[in-house]
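This report refers to the structure that appears directly beneath it.
The values are calculated or read from the model by the stated rules, or taken from the named source; none is laboratory data. Note that the structure is predicted; figures quoted are calculated from it, not measured. Cβ coordinates were reconstructed from backbone atoms using ideal geometry, including for glycine residues, and neighbour counts include every protein chain displayed.
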Amino acid sequence: MVVLGVEFSASDMNYVAIRSDGDSYEIMTSNRMTLGGTRDRNALVAFQDAVKAVLNDVDPDILAIKGKPESGKMQAGAASLKMEAILLANTPCAADFVSGQRINQTDDEAPSLYAYLQPALKTAVAAFRREIG
Amino acid sequence: MCDYPEEIKDGLAALETDYRDFQENNRGANGFLFFAENRISGRSVAIKFYCGEPGERQHDEPRQLAAISSPNVLPILDARMVSDEWGYFATPRCLDGDLDDLIEGFPSVHCAVDAAIGICRGVSAIHAERMVHRDLKPGNIVLDRGAPRIADFGSVRALDEGEETTHASGHSVLYRPPESFGTDTYGRGGDVYQIGLITYQLLGGALSYNPEAYLNRREWKEYQEIEDQVDRSLYVDGVIERRACAGRLLDLSTLPPWVSGAARRCLNELTEPDPSKRISTVSEAAAKLTQVRASMQDWWWDAGSACVTHGQTRIEVRPVGDGSYEAFQIKNGTPRRVRGKRKGSLQQVVQQLP
């Protein structure tokens, strides 16, 4: 099973893909993508092309997205919402929105990953643990 | 059309029932390429005749092309055999030319990076089918309404079960990844390397198609003493190979001054001669390129001036004689010198701007 964990932060999409055959997992790939502009059609198309390249490469069974409120004081920004929409529209699999509470129950960290990628890893691991029960 | 094999003449005659206005195209390597228009739909198509010994791999090119579904890979419309050895397949004709045409027209920074990301998307679809392209170069990528489409599948190879590499292609020595020279192996990282070279060209980096341009003075002298044309060609290939293996094929100083440090680092990572240190997947390359895109303003060339837009204001860096440049602000069509900015080289003026 392959889980692609994603966290949106400002105009960045941080992702970590994990692969597992049982209870343990290994990190397949990780990186950061940046959306160049929220009202620039070409920037959105380029971001979509890059997202599709990742989805082709990773071929996830589950897309795990760190949930962000769409309204209220802590609501996601325009860039986050647009990146999330592009990702959801292009993903070939089911999406699991992982709450902050579920992420906090996961203490997994990978020293090999940058600090900014740890939330995406935790998101992927939380979705993976729910899947295997 | 009288110099073609009889099978092609017969094939073209049969195609005339459905197509008209045939035009030959001399860019088609490894076969014969024609453009034509469908008599009913009016759609312009490219028809490629290819030859192969009867056997399992005879129809690799159309089969591999048909296996890929991506907006950045040319789709196949039809394929038929015209004899035991000859067959043809038809694809849509892309009227916007190829990536060489785009490069010659000096695309804007964002247009260049967007094309590179589009190529990554197409190649990721090829890699997802456990195939490698092996011959990515501007001439093999056509443009369809601004989007790049990988067109030539003559060098594509499927990776055997459990294998991550295959034999290297003998095509286009300029684009061959360094590891393919010594070991004759080619993996997904080879395609990443070729995307790196193409991205460098798209951003304005110089990569001459004249092999003699790669010779230094000593090599030029040795080259002049070689009489046989084949030996000359092999000599130049050796020079290019050594440059590629030493990581000296690209000259980042030829890039325009607005190409950011992040972009230059990315180009180095894409074209790193050691494949174990190179960006290993096209998805990683695409992700890096989105960061590169965001790190640069959308500069472009317009009639000798370097231009960029800041909101409603257009800035032009114009040549003002004696090799120096000066920045002008264009508002309502009226140019005014940008206050507080000195004349200087293109790089000096661009670096003074916000």
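Picking from residues in the stretch B:282-324 that are touching a Cys at 6+ places or on another chain (Cβ under 6 Å) and within 19 Å of B:ALA115 (Cβ to Cβ), the one that is farthest from the other protein chains (Cβ to nearest Cβ) is B:TRP300. Selection within the stretch B:237-261: residues that are more than 21 Å from the chain's Cα centre (by Cα) and among the hydrophobic types (A, V, I, L, M, F, W, C). The member of this set that is surrounded by the fewest Cβ atoms within 10 Å (Cβ to Cβ) is B:ALA246. Answer yes if at least one residue in the stretch B:143-152 is closer than 20 Å to B:HIS59 by Cα and of a type outside the set (D, E, K, R), and no otherwise. Yes, the conditions are met somewhere in the stretch B:143-152. Read through the list (1) touching a strand residue (DSSP E or B) at 6+ places or on another chain (Cβ under 9 Å); (2) touching a residue at least 24 places away in the same chain (Cβ under 8 Å); (3) away from chain B (no Cβ under 14 Å), then give the number of the only condition that A:LEU81 fails. That leaves (2) as the condition not met. Taken over the stretch B:124-141, the residue count meeting the criterion of being more than 14 Å from chain A (Cβ to nearest Cβ) and in a helix (DSSP H, G or I) is 3. For residues that are among the β-branched types (Val, Ile, Thr) and assigned to a helix (DSSP H, G or I), scanning just the stretch B:254-288, find the one that is farthest from B:GLU179 (Cα to Cα). This residue is B:THR254. If you go through the stretch A:43-63 one residue at a time, do you hit one that is surrounded by 24 or more Cβ atoms within 10 Å (Cβ to Cβ), in a strand (DSSP E or B) and either without any contact (Cβ under 8 Å) to a residue 24 or more places away in the chain or in contact with a helix residue (DSSP H, G or I) (Cβ under 9 Å, 6 or more places away or on another chain) (or both)? There is at least one residue in the stretch A:43-63 that is surrounded by 24 or more Cβ atoms within 10 Å (Cβ to Cβ), in a strand (DSSP E or B) and either without any contact (Cβ under 8 Å) to a residue 24 or more places away in the chain or in contact with a helix residue (DSSP H, G or I) (Cβ under 9 Å, 6 or more places away or on another chain) (or both). For the stretch A:30-42, which positions are farther than 19 Å from B:ALA116 by Cβ and either buried (at least 18 other Cβ atoms within 10 Å of the Cβ) or not basic (Lys, Arg) (or both)? Those that are farther than 19 Å from B:ALA116 by Cβ and either buried (at least 18 other Cβ atoms within 10 Å of the Cβ) or not basic (Lys, Arg) (or both): A:SER30, A:THR38. Can we say B:THR271 is buried (at least 21 other Cβ atoms within 10 Å of the Cβ) and in contact with a strand residue (DSSP E or B) (Cβ under 8 Å, 6 or more places away or on another chain)? Considered against the rule, which asks whether it is buried (at least 21 other Cβ atoms within 10 Å of the Cβ) and in contact with a strand residue (DSSP E or B) (Cβ under 8 Å, 6 or more places away or on another chain), B:THR271 comes out as no. Quick check: is even one residue across the stretch B:105-120 of a type in the set (Ser, Thr, Tyr), in contact with a helix residue (DSSP H, G or I) (Cβ under 8 Å, 6 or more places away or on another chain), in contact (Cβ under 8 Å) with a residue 40 or more places away in the chain and not in a helix (DSSP H, G or I)? Scanning the stretch B:105-120 turns up no residue that is of a type in the set (Ser, Thr, Tyr), in contact with a helix residue (DSSP H, G or I) (Cβ under 8 Å, 6 or more places away or on another chain), in contact (Cβ under 8 Å) with a residue 40 or more places away in the chain and not in a helix (DSSP H, G or I).
If I filter the stretch B:43-57 for residues that are closer than 27 Å to B:GLY122 by Cα, polar (S, T, N, Q) and part of a loop (DSSP other than H, G, I, E, B), do I get at least one hit? Checked against the condition, which is being closer than 27 Å to B:GLY122 by Cα, polar (S, T, N, Q) and part of a loop (DSSP other than H, G, I, E, B), the stretch B:43-57 yields no hits at all.
Would you please name the residue that is farthest from A:ARG19 (Cα to Cα), looking only at residues in the stretch A:64-76 that are part of a loop (DSSP other than H, G, I, E, B) and in contact with a Ser or Thr (Cβ under 8 Å, 6 or more places away or on another chain)?
Pass one, the stretch A:64-76, residues part of a loop (DSSP other than H, G, I, E, B): A:67-76.
Checking which are in contact with a Ser or Thr (Cβ under 8 Å, 6 or more places away or on another chain) leaves us with A:67-68.
Working: A:GLY67: 21, A:LYS68: 25 Å.
Step by step, filter the stretch A:64-76, then rank; the result is A:LYS68.
Looking for something under 13 Å from the mean Cα position of the chain (by Cα) and either more than 9 Å from chain B (Cβ to nearest Cβ) or over 23 Å from B:HIS110 (Cα atoms) (or both) - is there at least one such residue anywhere in the stretch A:19-30? It would help to see each step written out before you state the result.
Narrowing the stretch A:19-30 to residues under 13 Å from the mean Cα position of the chain (by Cα): A:29-30.
Of the ones still in play, those that are also either more than 9 Å from chain B (Cβ to nearest Cβ) or over 23 Å from B:HIS110 (Cα atoms) (or both) are A:29-30.
Yes.
Here is the figure for the stretch B:30-44: residues that are within 17 Å of B:THR17 (Cβ to Cβ) and buried (at least 20 other Cβ atoms within 10 Å of the Cβ) total 2.
Test B:THR166 against the stated conditions and say whether it is farther than 22 Å from B:GLY31 by Cβ, without any contact (Cβ under 8 Å) to a residue 40 or more places away in the chain and not assigned by TED's automatic domain parsing to the domain that holds B:GLU61.
Working: farther than 22 Å from B:GLY31 by Cβ: no; without any contact (Cβ under 8 Å) to a residue 40 or more places away in the chain: yes; not assigned by TED's automatic domain parsing to the domain that holds B:GLU61: yes.
The answer is no for B:THR166.
When the residues of the stretch B:92-123 are filtered to those that are out of contact with any Leu (no Cβ under 8 Å at 6 or more places or on another chain) and closer than 30 Å to B:GLU163 by Cβ, the one that is farthest from the other protein chains (Cβ to nearest Cβ) is B:GLY122.
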